[in-house]
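Q: What follows is a single structure, and I will ask about it in a moment.
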Amino acid sequence: MLIDTHCHLDFSDFQDDLDSIVEQSIAAGVIRMISIGTTLESSQQAIALAETYDSVFAVVGHHPCNYDSFFDGEIAELAKLCHHPKVVAIGECGLDYHHLPKSSDFDTTADFNAEIQRIKTRQQHILTEQLELAVRERLNVVVHQRDSWDDCISALAPYHGKLQAVFHCFSESAERARYLIEHNHLVSFTGIATFKKLDDLRQTVCQLPARSFMVETDAPYLAPVPHRGKRCEPAMVADTARVLAQTRKQSLAALAAETTATAEAFFRFP
C-alpha cells in the first residue's frame with residue numbers, strides 16, 4: 001500500500017476523467033491521495049474532492065508563485081478550512097525564486113531590482129503567515145522550495161520544534177536533507193528520482209534513514225520513468241517507489257510500508 005502525498009487533483013488536467021483516475025490509483029495500491037491547495041480557491045476545491053472521494057484528503061494553503069493573488073484576510077479564510085476533518089496540513093507554502101522575472105523585462109536595472117525585492121518580500125510574508133497558521137491550528141506544513149534554500153531555511157528556523165515540515169519534490173543534496181532530518185523535518189521524492197541522469201539524487205536517497213522521507217507524484221507534473229512526458233497520475237507513485245526501493249536495496253513492500261507509516265504520522269489522518 002502506498003500514499004501519494006502530493007498531487008493536484010483540482011487541476012484542469014483531470015477534469016474529464018477524475019473518477020477513473022482515482023479508481024485506477026486504488027487498484028494500483030495507492031490507498032490515499034493528498035490533493036494540495038495552491039490558492040484559497042484551489043484549497044476549497046481540494047476539500048470538495050476530499051468530500052467526494054473517501055481516498056482523497058486535502059492540504060490547504062497558498063503557493064509562493066501565486067504571490068499576487070494572496071489577499072488581506074486570506075489567512076482567516078484558510079483558518080476556517082483547517083477545521084474540516086479531511087484537511088491534514090497547510091501548504092503548499094514556501095519560496096520560489098526560480099520563476100522570478102527576468103531583467104530583460106524591465107527598462108532599468110533599478111526597476112528590476114525593486115520588483116525582485118518586492119516579490120521576495122511578499123513571498124516571505126505569505127510563508128510566515130502560513131507557518132504561524134500551522135502552529136495555531138496544530139498542523140504540519142508542506143513546503144515548496146526552489147532556488148531559495150537559504151531564505152527558506154531562515155524562515156523555517158524559528159518554527160523548529162513547533163511544527164514539522166516536508167520539503168516536497170526534494171532534489172537537493174544529501175547534506176541539505178540531513179539538515180532537515182536533524183531538525184525533525186522530512187523530504188519527499190517525485191518521479192524526478194527515476195530520471196536517468198539524476199544519479200546524485202538517487203545517492204541522496206541511499207543515505208537517508210528509514211522514516212525520514214515520503215513519496216509523491218506532484219501530478220499532473222513530473223511523471224516517472226517509464227511515463228516521462230505524459231500526464232502524471234497518482235497511480236504512478238508506485239513507479240517512483242519501485243525505483244527508490246531498488247536504489248536502497250530493499251523490497252517494494254518494505255519501502256511502501258515505511259513511507260506509508262511516515263505519511264500517516266505526518267498527516268495524522270482522521
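The values are calculated or read from the model by the stated rules, or taken from the named source; none is laboratory data. In this text the structure is predicted, and so the values were computed from the model without any measurement. Backbone-built Cβ (ideal geometry, glycine too); neighbour counts: all protein chains shown. When the accessible area is computed, the model is the full protein with side chains, heavy atoms only, and any ligands, DNA or RNA have been set aside. Shrake-Rupley method; radii C 1.70, N 1.55, O 1.52, S 1.80 Å.
Q: Search the structure for amide H atoms under 5 Å from the amide H of residue 84, placed 1.01 Å from N in the peptide plane, and list their residues when 5 or more places away or on another chain.
A: Under 5 Å from the amide H of residue 84: no residue qualifies.
Q: Skip the ligands, DNA and RNA, and give the accessible area per residue of segment 131-239 with a 1.4 Å probe, whole Å².
A: In whole numbers, segment 131-239 has 44 Å² accessible per residue.
Q: Another question, then. Compute the helix-to-body angle for 109-137: its Cα long axis versus the longest principal axis of the chain, expressed 0 to 90° and rounded to tens.
A: Here the helix axis deviates by roughly 50 degrees.
Q: For segment 25-80, what class follows from the C-alpha gyration tensor (a ≥ b ≥ c being the square roots of its eigenvalues): rounded when a/c is under 1.5, otherwise prolate if a/b is larger than b/c, else oblate?
A: It comes out prolate by the Cα gyration axes.
Q: Which number gives the lysine pairs in the chain that have C-alpha atoms under 22 Å apart and are eight or more places apart or on different chains?
A: Lysine pairs satisfying the spacing and distance rule in the chain number 7.
Q: Turning to a different aspect of this structure: Compute the accessible area per residue over segment 22-116, keeping the other protein chains in place, probe 1.4 Å, unit Å².
A: About 45 Å² of surface per residue is accessible.
Q: With a cut-off of at most 13 other beta carbons within 10 Å, and DSSP calling the residue loop, which chymotrypsin sites (Phe, Trp or Tyr not before Pro) in segment 38-126 qualify? Please list them.
A: Within segment 38-126, the qualifying chymotrypsin sites (Phe, Trp or Tyr not before Pro) (loop, at most 13 other Cβ atoms within 10 Å) are 71.
Q: So, R0 is 30 Å and r is the distance between the beta-carbons of residue 11 and residue 138; what FRET efficiency does that work out to, to 0.05?
A: 0.55
Q: Accessible area of the chain with a 1.4 Å probe: how many percent of it is carbon plus sulfur?
A: 48
Q: What is the Cα coordinate range of the chain on the first, second and third principal axes, sorted by size from largest, in whole angstrom?
A: Result for the chain: principal-axis Cα extents of 54, 40, 38 Å.
Q: Can you list residues whose amide H is under 5 Å from residue 217's amide H, if they're 5+ apart or on another chain and H is modeled 1.01 Å from N?
A: The list, which skips near neighbours in sequence, is 5, 6.
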